[in-house]
Each structure stands twice: as C-alpha cells, then as structure tokens.
Amino acid sequence: MPWLMKAEPDSRIVKGKDVKFSVDDFEAMGVSQWDGVRSHEARNIMRDKMKLGDKVLFYHSNTKVPGVFAIAEVAREGYPDWSAWDPSHPYFDAKTDKDNPTWMMVDVKFVQRLSHPPTLALIKHLASVQNLPECVEYIGQDGLKAVQAMQLVNRGRLSVQPVEPEAYDAVLLLGTRGGWDDLVEKKGKSRKGKAKEEVEEEEDGEAKEKPAKVKKAPKADKKRPVKVIKAKRDERSKTSPLTDDPSPDGHIPAETPRRSKRAKR
C-alpha cells in the first residue's frame, strides 16, 4: 500500500540542531531513517503496516508551498527509534524504555523528484470541484475521486498517512505531466481562495495553521427602557421593604432604611 510521509524543508532549530529535511537533503542522502515521529497513530502505521518496497509520496510540510516533491519507497520495515532515548536528540523522550520501546521508525529510500510537484493548493482545488478540469483529464474521473478522498484533504494533520493506489497514481501523473498551473496561483493558493499561505497543522506539532479570526458578537445594550424602569419603581413604592406588605398610604417614607439580611435581630 502507498503512503504519504511529511518532512519540513525549512530550517527549524530544536535543542541546537536543525531538524529540516528537504527533498534536496533526501536526494543527497539516498536512504534515510524516519526518526522523530511522536504520534501514536503514525507510530502504529510504521510498526504494523508499512512493508518493504511500499511506495511513498514525499511531502514538504510546514512551508509556504506544501506539496508532494518526490517519490520514495520503504527500504526497511519498522524497528525501534533509538533517537527517543538519546538525550541530545531533538525528539528525546525520557519516558521511553529501551527494553520496551514506545517509538518506531522505518528506513525510506529516495527514488525520484517530481518535475511538477503537486501542491496542497492544487489537491484542495481538485477536492472542491465536481467536474474534472480539462487540463488534468489524464488522471480520469476515478483519479479525481481518489484525490478527493485522500486523508491529506480530509484529515491532513497526520504526518504519516495511507494513500489509496488510485490516489497515488493520480498524484504521480500530476507530478510528472503537469499542465495544471492555471488552476492555482504561483504562491500555492487556489484562484477561488483568498490570498493566504497554505500552512497545515501537523499532529506531531510540526506545523500550525493560523486560527481564523472570529468576529465578536456586539455587546447587548444593558440599558432598560425608561417605561419599564418607571413601572418597576411605581410597583416597589407600594411595598414595605421590611414586611413586603403594602403600607397604609401606598408608599414608603424616604427615611426608612432597608434591613440587611445580616443584621442582628
């Protein structure tokens, strides 16, 4: 089964070390261990489901133009992530146990870059349309439906996520044949959307989306209508503050004080 795996291409310093891992870094390294994942669901995928030779979409995350920049494959199945018990590692976890490790990782092998990296903006745009755009007819209607069902669209936070074979094939076609530039603006935004950066939030805390501004509801006017206030004053004027019984002449002398509930009797 194919998978999508996210990495941060931009520099970010954690414990004095740069944790960035771009497509350039990946290509230069050739094979990389996928350490530092601290999501239980992503851990379970690497431990239990990822198999040798599985296809991988390599995805740039937490950047101005996120998207799929290369394809790769699983080179080694799940094994303990030793970085979790290394105090100097950016993703050290003091609670993990070497004899019963909490975190796992796999090795991933670089295969090739995509000439036209499908951006998150493109994928979201395709997820929002009913009819297949003419410029990407080569993915077919089934490919469009597969893209629309991707977890990247419907549950984007997970840093390691499954991809249906039809969706993998569609993304690969988009990345090799291109021709979809007119669907999105150059900065990774859909033409239909507002001008803002496409930055998604990772479950592992790798990226955070700016929260949308919520308009505050206008404060209610606390002033009561004059007529209501006058009516209540007229009603109170006919009642004694001590006995709640009407006074003989229907009103209370101005000098009579109201008794406190805490006064001694």
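The values are calculated or read from the model by the stated rules, or taken from the named source; none is laboratory data. These numbers were taken from a predicted model, which means no experiment stands behind them. Neighbour counts run over all protein chains shown; Cβ positions are idealised from the backbone, glycine included.
Let me spell it out: the conditions are (1) more than 25 Å from the chain's Cα centre (by Cα); (2) surrounded by 19 or more Cβ atoms within 10 Å (Cβ to Cβ); (3) of a type in the set (Ser, Thr, Tyr), and Ser88 meets all of them except one. Which number is the exception?
Exception for Ser88: condition (2).
Let's see how each residue does on (1) touching a helix residue (DSSP H, G or I) at 6+ places or on another chain (Cβ under 6 Å); (2) at pLDDT below 50:
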site	(1), (2)
Gln161	yes, no
Glu164	yes, no
Ala167	yes, no
Leu172	no, no
Gly175	no, no
Gly178	no, no
Asp182	no, no
Lys186	no, yes
Lys192	no, yes
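Cβ-Cβ under 8 Å, sequence separation 6+ or interchain: first residue in the stretch 91-103 and more than 16 Å from Tyr79 (Cα to Cα), partner acidic (Asp, Glu) and in a loop (DSSP other than H, G, I, E, B). Which pairs?
Listed by first residue and then by second, the contacts come to Tyr91/Asp35; Phe92/Asp86.
Looking at (1) in a strand (DSSP E or B); (2) among the β-branched types (Val, Ile, Thr); (3) modelled with pLDDT under 95, find the lone condition where Thr96 falls short.
Result: Thr96 fails condition (1) only.
Are any of the residues in the stretch 8-23 more than 20 Å from Pro118 (Cβ to Cβ), of a type in the set (Ser, Thr, Tyr) and surrounded by fewer than 18 Cβ atoms within 10 Å (Cβ to Cβ)?
Scanning the stretch 8-23 turns up at least one residue that is more than 20 Å from Pro118 (Cβ to Cβ), of a type in the set (Ser, Thr, Tyr) and surrounded by fewer than 18 Cβ atoms within 10 Å (Cβ to Cβ).
For Lys49, indicate whether it is more than 23 Å from the chain's Cα centre (by Cα), closer than 26 Å to Val147 by Cα and surrounded by fewer than 17 Cβ atoms within 10 Å (Cβ to Cβ).
yes
Determine, yes or no, whether Asp24 is over 25 Å from Pro162 (Cβ atoms), assigned to a loop (DSSP other than H, G, I, E, B) and not β-branched (Val, Ile, Thr).
no
Could you say which residue among Gly78, Gly36 is on the phi > 0 side of the Ramachandran plot, crowded, with 20+ Cβ neighbours inside 10 Å and not acidic (Asp, Glu)?
Criteria check complete, one pass: Gly36.
Residue check, Asp48 against (1) assigned to a helix (DSSP H, G or I); (2) under 30 Å from Ala121 (Cβ atoms); (3) acidic (Asp, Glu), all met but one. Which one?
It is condition (2) that Asp48 fails.
Those residues that are of a type in the set (A, V, I, L, M, F, W, C), in contact with a strand residue (DSSP E or B) (Cβ under 9 Å, 6 or more places away or on another chain) and not in a helix (DSSP H, G or I), I need them from the stretch 107-142; list them, please.
The answer is Val108, Phe110, Val111, Leu114.
Do the conditions hold for Val56, that is, is it part of a strand (DSSP E or B), touching a Gly at 6+ places or on another chain (Cβ under 7 Å) and at pLDDT 95 or above?
no
Taking the residues in the stretch 91-126 that are farther than 17 Å from Pro9 by Cβ and basic (Lys, Arg) as candidates, determine which candidate is surrounded by the most Cβ atoms within 10 Å (Cβ to Cβ).
Lys124
Contact list please: Cβ distance under 6 Å, first residue in the stretch 160-181 and more than 12 Å from Ala149 (Cβ to Cβ), second residue among the β-branched types (Val, Ile, Thr) and outside any strand (DSSP E or B), pairs at least six apart or on different chains.
Here the result reads Val160/Ile45; Leu173/Ile139; Trp180/Val136, each pair linking the stretch 160-181 to a residue that is among the β-branched types (Val, Ile, Thr) and outside any strand (DSSP E or B).
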